[in-house]
Amino acid sequence: MIRRLFTTSSTAAHADLLNESQNGQRQSKPRVIFSGIQPTGIPHLGNYLGALSNWVKLQNTASPSDELLFSIVGWHALTLPQDPQKLREARMDILAVLTMYNPNHTELAWIFNCITPMGKLRRMTTWKSRLATSRNMGEEDAVDVDDGGLNLGLFAYPVLQAADILAYRATHVPVGDDQTQHLELCRVIADQFNRNFKGMEKLFPLPIQLNTPSKRILSLRDPTSKMSKSAPDTSSRILLTDPPSTIANKIRSAVTDSIPGITYDPVNRPGTANLLTILAACNYDNEDVQETAGRYVGKNHGALKKDLTEAVVELLKRPREKFEKLRTETGYLEQIAQAGAEKARSRSEATMVEVRKRVGLA
């Protein structure tokens, strides 16, 4: 579980987390690292392996001069229809992991909306993939999904994401390859603002993608799509709170194929490849998945699913226990939420003061 909010790490820097984007150059300057997660309820296995566990690694390996900010990006949850009561409950669920509430995000997003070309937003894949998922369609169908039901909030989702990042003038963002397009737009928006509203110096840095050793965890029922809480089929995802019996049932029913043997082939065997990816991340600290596949030469899917069930149950055991304990401590969670929000607003208000001044609102 995430241990700290809006604090700097106190451990030595780790070499493979000090890369400048793709070029491998060592980063010597202090970094401001930002990452967020939506308050859509209980985190699932993809959230845990793809984001939360890597946030802990970042905490433990960042330079003492780095600043790490982990956020609940609540405004993003509203881009698709939400039941207000369920959203309140989902917020409390994710509060048991981490928290932040800061209206500066939406103010900055509106300013960015006013300088972001529609053409760039139309090329974004977010609204297409999210609509496809909400309709129980695979990601391969997202290209042809119609825009019926598309609202402005979902269409402008990447702009709000840029505001989340730039409100703190983040220099680095840990994201997977599927978010590269969003980060590129964030860089475009930052550069456009700097050009339009000049000052003594450029206000926003152009954030660098911080590559982390996480894998893209796919749906257990549709291995062409990411594991998601938006998918109607609840057996498509493993939740942090799922008991061992439920985990076993979901993995047992996971889609694979009828090809004999176990091999890692994401193109021709996406279901099997997904199970191997999860097992590698659970058991062997992100061991190369081909090595994991090599352990199953001569074995079948039954053996793979059995081992995967044991690995996932063990991986989630302690986080689930901590989550269930914290989830009942609502007073403590609200206290943490308030403290985190105050720090977040203080940190971002310095940015907003300069933004308002440059655009003529102050």
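Please treat every number below as a calculation from the coordinates, not as lab data. Everything numeric here is computed off the predicted structure, so don't read it as measured data. So basically every Cβ, Gly included, is an ideal-geometry build from the backbone, and we count neighbours across all protein chains shown.
Modelled label positions at LYS299 and ARG135, each set 7 Å beyond Cα in the direction of Cβ, lie 4.0 nm from each other. For the listed residue pairs LYS120/LYS202; LYS128/LYS306; LYS29/LYS202; LYS29/LYS229; LYS128/LYS317; LYS215/LYS317, the alpha carbons are over 29 angstrom apart in LYS128/LYS306; LYS29/LYS229; LYS128/LYS317.
Along region 51-61 the Karplus relation, 6.51 cos²θ - 1.76 cosθ + 1.60 evaluated at θ = phi - 60°, assigns HN-Hα couplings of 10, 4, 5, 6, 5, 4, 4, 4, 4, 7, 10 Hz to successive residues, with x for each Gly and Pro. Amide H contacts under 5 Å for SER71: SER35, GLY36, ILE37, restricted to partners 5 or more places along the chain or on a different chain, H placed in the peptide plane at 1.01 Å from N. For region 149-199, the list of trypsin sites (Lys or Arg not before Pro) that fall in a loop by DSSP and count at most 13 other C-beta atoms within 10 angstrom reads LYS198. Put the Cα centre of region 328-362 next to the Cα centre of region 303-317 and the gap is 40 Å. The distance from the alpha carbon centre of region 100-127 to that of region 192-253 is 19 Å, rounded to a whole number. Computed from label points 7 Å out along Cα-Cβ, the spacing between ASP146 and GLN290 is 4.5 nm. Applying the criteria of a DSSP loop state and at most 16 other Cβ atoms within 10 Å to the GluC sites (Glu not before Pro) of region 318-357 yields GLU329.
A Förster radius of 35 Å combined with the Cβ-Cβ distance from CYS114 to GLU324 puts the calculated FRET efficiency at roughly 0.20. Quick one: if you stick a label point 7 Å off each Cα along the C-beta vector at ASP233 and THR180, how many nm between them? So the two model labels end up 2.9 nm from each other.
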